[in-house]
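**Student:** My structure is below; once you've seen it, I'll send some questions.
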Amino acid sequence: MSYTTDTIIALSTPPGSGAIGVIRLSGPDAVNLTNQVFKGKDLTQQATHTLHFGLIKDGDSIIDEVVVGLYIAPKSYTKENVVEISCHGSNYIIQQILNLLIRKGARAAKPGEFTLRAFLNGAFDLSQAEAVADLIASDSKASHDVALQQMRGGFANELKDLREQLIHFASMIELELDFAEEDVEFANREQLRSLIMQINKVLYRLIASFEMGNVLKNGVPIVIAGRPNVGKSTLLNALLNEERAIVSDIAGTTRDTIEDELNIEGVIFRFIDTAGIRDTADVIEAKGVERTLERMKQAKLIIYMVDALQSPEELEVQLAELKQLGIPYLALINKADLLTPEKREAFEQQEVLFLTAKERVGIDELKQQLLAKVNLHHINTSETLVSNIRHVEALKNTETALQRVLQNIDNPVTSDFLAMDIKQALHYLGEITGTVTTDDLLENIFSKFCIGK
Ligand code: GDP
Ligand code: ZN
């Protein structure tokens, strides 16, 4: 493949000054090119997985003292020759070294190109390459676990075997097409049916796991709802510990949703503050209200907030409405500092949590309740979870195609229909692992990586 005849180079540590910067080269000339500017020893004579101290020189002038790491093909991340130059982390030095090696013949890498090469050279499949991006981006234990599991093989392995069996059936049916006049059946229809049932079982589980995988990757969406002025923004501030949302005395000032993330004991929660739900003539606010209902439907949990001024009877009605949405909720009585003991007792007839958001009283209790309500602790992240929307789409498409195959087994059609749908299913399965790819798809996936990854 002409693709990997050139040698790419990029800074692999974040740009800006740091203690060290790591410049990475990958390609057939990685060692040769580095050797041309390295003074210390002959790098071309060194073994793989070794480190070498020396100077990087541009002609007579010294650029830096560096340590060079060698990874000789195929024992490297990209399966090509890889060199990592650890230099001092000044922007000036990094630019000098990059320019020097580009002058010598290296090419500046495109975003994600190292990982793209690793994929093209068969180091891992596409779903694993995507997991590398997720792993780099993961900011909680849970999302890290999901990405790591997927990078190490994940559900692609689970599908590989079943895909191979399906390929076998596809080729048997192809064979039937060759013998069309003789009306033979090489592919046993009952065996095909049972294989598809087996595949569907795996597909259902994986598709269902997306809800959780997505939550772990992107955070648990929690909507904070309630009438204007009950203290939603104040609560969000208290949770996030900063002045994020606008707090005001004028009802209806939170015009749009404000989102932020909070890590509670390793679980990421995404809090969404909403404009209050109520009838309004104000156009801007009406839009906010519409969006509130939309967001509420996407929430894993709704924090429904009332304040001490509202009546317990009213709350009962509102909670009944919430129940109809079918989304778990948590009822919060805010401004508990203003409650009379009698009113507090009346509220206690419902399952509620009291809070004085303004003074941050009850916040810790609320966090514990959130953890308990979303109940993520039982999640076994070593189990396969699908967390990528592209994968779940492909899984659903596979399932639809297989459903057609099942129907066609039931009302016998010609073998070519059967073959066509099986091929469709195989195509979608292949999209996940990258057995089937298009340039657009690869471009789309790898352009999301940073340069140097
Ligand atoms: P939102 O419209 O629901 O977002 O309400 P805000 O967070 O903007 O708060 C409305 C008003 O209630 C502000 O003046 C807050 O200072 C006040 N407030 C919020 N929490 C409390 C509380 O726990 N006790 C009391 N007494 N006032 C509060
Ligand atoms: Zn607000």
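The values are calculated or read from the model by the stated rules, or taken from the named source; none is laboratory data. All values reported here derive from a predicted model rather than from experimental measurement. Positions of Cβ are generated from backbone atoms using ideal geometry, with glycine treated the same way; all protein chains shown enter the neighbour counts.
**Student:** Can you name the residue in segment 232-245 that is in a loop (DSSP other than H, G, I, E, B) and more than 8 Å from ligand 2 (Cβ to nearest atom) and is also modelled with the lowest pLDDT among such residues?
**Tutor:** Taking the candidates together, the pick is GLU243.
**Student:** Could you check how many residues of segment 404-431 are surrounded by 19 or more Cβ atoms within 10 Å (Cβ to Cβ), at pLDDT below 85 and either farther than 14 Å from ALA187 by Cβ or aromatic (Phe, Trp, Tyr) (or both)?
**Tutor:** 0
**Student:** Name the pairs: first residue in segment 258-274 and farther than 16 Å from ALA225 by Cα and among the polar types (S, T, N, Q), second residue more than 16 Å from ligand 2 (Cβ to nearest atom) and outside any strand (DSSP E or B), Cβ to Cβ under 6 Å, at least 6 apart or on different chains?
**Tutor:** ASN263/SER140
**Student:** Can you pull out the strands (runs of 3 or more DSSP E) entirely within segment 1-97 that have at least 2 residues that are free of Cβ contacts under 8 Å to residues at least 40 places away in the same chain and under 34 Å from the mean Cα position of the chain (by Cα)? Quick ask: steps written out before the conclusion?
**Tutor:** Numbers: elements: 8-11, 20-26, 50-58, 61-71, 82-88.
Result: 61-71.
**Student:** In segment 322-351, which residue that is of a type in the set (Val, Ile, Thr) and modelled with pLDDT under 95 is surrounded by the most Cβ atoms within 10 Å (Cβ to Cβ)?
**Tutor:** First, pick out the residues of segment 322-351 that are of a type in the set (Val, Ile, Thr): 327, 333, 340.
If we keep only those that are modelled with pLDDT under 95 too, we end up with 327, 340.
On the way: ILE327: 15, THR340: 9.
Top of the filtered list is ILE327.
**Student:** If you take the residues of segment 303-350 that are assigned to a loop (DSSP other than H, G, I, E, B) and in contact (Cβ under 8 Å) with a residue 60 or more places away in the chain, which of them is nearest to the chain's Cα centre (by Cα)?
**Tutor:** This residue is LYS335.
**Student:** Determine which single condition PHE354 fails, assuming it passes every other condition in (1) at pLDDT below 95; (2) out of contact with any Phe, Trp or Tyr (no Cβ under 6 Å at 6 or more places or on another chain).
**Tutor:** Every condition holds for PHE354 apart from (1).
**Student:** Further, regarding this structure: Give me the pairs: first residue in segment 181-205 and under 28 Å from PHE155 (Cα atoms) and among the basic types (Lys, Arg), second residue at pLDDT below 90 and not in a helix (DSSP H, G or I), beta-carbon distance under 9 Å, and six or more apart or on different chains, which are they?
**Tutor:** Taking only residues 6 or more apart or on different chains, the pairs are ARG189/PRO412; ARG205/THR384.
**Student:** Quick check on my filter: what residues within segment 246-273 are near ligand 1 (Cβ under 7 Å from one of its atoms) and at pLDDT 75 or above?
**Tutor:** ASP273
**Student:** Could you tell me whether segment 67-86 includes any residue that is out of contact with any Phe, Trp or Tyr (no Cβ under 6 Å at 6 or more places or on another chain) and farther than 28 Å from ALA129 by Cα?
**Tutor:** Scanning segment 67-86 turns up no residue that is out of contact with any Phe, Trp or Tyr (no Cβ under 6 Å at 6 or more places or on another chain) and farther than 28 Å from ALA129 by Cα.
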